[in-house]
Amino acid sequence: MLAGLVLAGALLWVGGHQAGGGLAGAGPVCGEQEGARSAYWRFARWWRSVAGLALQGGQAVAASGDVLIVIDIDRRQLTVYRDGVPVKTFPVAAGRPGEPSPVGEWRVTDIAHWPGGPFGARWFGLSAPWGSYGIHGTNNPGSIGTYASLGCIRMFNEDVMTLDHLVQVGTPVKITGTTEVYYRLPVYRRGDVGQDVVLLQLALRATGFDPGVADGVYGGVTEKTVAEAEWWFGLHPDGTADMALQRLVGFRP
């Protein structure tokens, strides 16, 4: 039974891997996907991540050292850190108006080598749970340094091939900068997913209540952190972020 599940997961991962980080059969895509908040989408991305780690020998970070990728979408720059020290900086293109790049704290979930086309020489899929986003090369080098993509991070092909020697499945990727997502729900609770959830997690952290990774998923850790903040502020600690809690942590004006 377990072997069958692992095989099914590996096949699902391979399909997504060949499709440039999207679901199997979808073809290379980049950006927010319809139905991306569904349980099936989250399951598919989780399976692909697990299978990818297995095929990479279970390594969670690049073998060459403690590698972190930081992308500043305001400056359109990608910086590689090793053991906390910046070692390389590259210019990038980020999401165009209406198609913002996902701000948050992600992991590389899959890697593909492309023979050319809009995804260039390499693709590094990211774990953002509401769409298919990645770092990739391009056949439009004139777009680098601008806001031009559907939310993905574009690099010159020679630069993304350099990145291929530094990154593997599991490498952390932090995307910072201004996001176009300004909407706020009246109440957030377990199961909510989206860029707005990232912003809530970051607001909690800035107020002194750290929900761990700002991954856009209102899971158990975020629920527990919200309950701690509610208790601190004298609210009923039920783990749901209502408008009162949102105001107190600065998430809502």
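No value in this document is a laboratory result; all are computed from the given coordinates. In this text the structure is predicted, and so the values were computed from the model without any measurement. With ideal geometry, Cβ positions are generated from the backbone for all residues, glycine too; neighbour counts draw on all protein chains shown.
List of remarks:
- Classification of the stretch 96-219 by its C-alpha gyration tensor yields a prolate form. The axis ratio a/c (a ≥ b ≥ c) is 1.5 or more, and a/b outweighs b/c.
- Burial order of peptide ranges 201-208, 103-110, 84-91 (average beta-carbon count within 10 Å, highest first): 103-110, 201-208, 84-91
- In nm, spacing of pseudo-spin labels at VAL85 and ALA244 (7 Å Cα→C-beta vector): 5.1 nm
- Extension gain, VAL221 to ASN139, is 25.4 nm, computed as 0.36 nm per intervening residue step minus the present C-alpha separation.
- Extension gain for ASP164-TYR183 works out to 3.2 nm (0.36 nm per residue, less the C-alpha to C-alpha distance).
- Of all DSSP beta bridges in the stretch 56-178, antiparallel share, percent nearest 5: 75 percent
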